[in-house]
Amino acid sequence: MFTEDEAPFVAEMMSEYFGGAADEGHRCLVDDTDGLRGVAYYRPKPPADRVWDLTMIAVRPERQGAGLGTALLRRVEDDLRADGQRLLLVDTSGTAQYDRTRAFYAGCGYDEEARVRDYWTTGDDLVVFRKALA
């Protein structure tokens, strides 16, 4: 589900989660119906009041386009709503490579809240999406 460049980031995140980050409120949802199909990792954004960061959501490429990502995202939102959380934020890239990603969030009811030019690197903006959960 991840490029070779992304693999160390994912490995570090999972290591943190299983190494104690879950105790700090980090959460991980896995869709492993018929093998690993998708995963979502999300965590609180202290010191903000009940604001969460969707750090990662991924669906195996051969399973994309079948609604699995949307279903996984809805599970994340429902989980947070059940706990009375307020906002879910998503950071992504502004490059053409992430056009489908940004369209996915917009299609799921997320608003583009902010854009920071040249954040990731020159020519690659940070795009922040926001969804109110209450």
Pick from the stretch 85-121 the residues that are closer than 16 Å to Met56 by Cα and basic (Lys, Arg): which of them is surrounded by the most Cβ atoms within 10 Å (Cβ to Cβ)?
Arg102
Which members of the stretch 91-134 meet the condition of being out of contact with any Ser or Thr (no Cβ under 8 Å at 6 or more places or on another chain) and in contact (Cβ under 8 Å) with a residue 40 or more places away in the chain?
Arg130, Lys131, Ala132, Leu133, Ala134
Can you name the residue in the stretch 122-134 that is β-branched (Val, Ile, Thr) and closer than 14 Å to Thr92 by Cβ and is also most open to solvent (accessible area, probe 1.4 Å) among such residues?
Val128
Give just the number: which of (1) within 30 Å of Thr33 (Cβ to Cβ); (2) in contact (Cβ under 8 Å) with a residue 12 or more places away in the chain; (3) open to solvent by 50 Å² or more (accessible area, probe 1.4 Å); (4) not hydroxyl-bearing (Ser, Thr, Tyr) does Ala82 not satisfy?
(2)
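The values are calculated or read from the model by the stated rules, or taken from the named source; none is laboratory data. These numbers come from a predicted model, not from an experiment. Methodologically, a virtual Cβ is constructed for each residue, glycine included, from the backbone with ideal geometry; neighbour enumeration extends over all protein chains shown. SASA here: full protein model, heavy atoms, side chains in, ligands and nucleic acids out. Shrake-Rupley method; radii C 1.70, N 1.55, O 1.52, S 1.80 Å.
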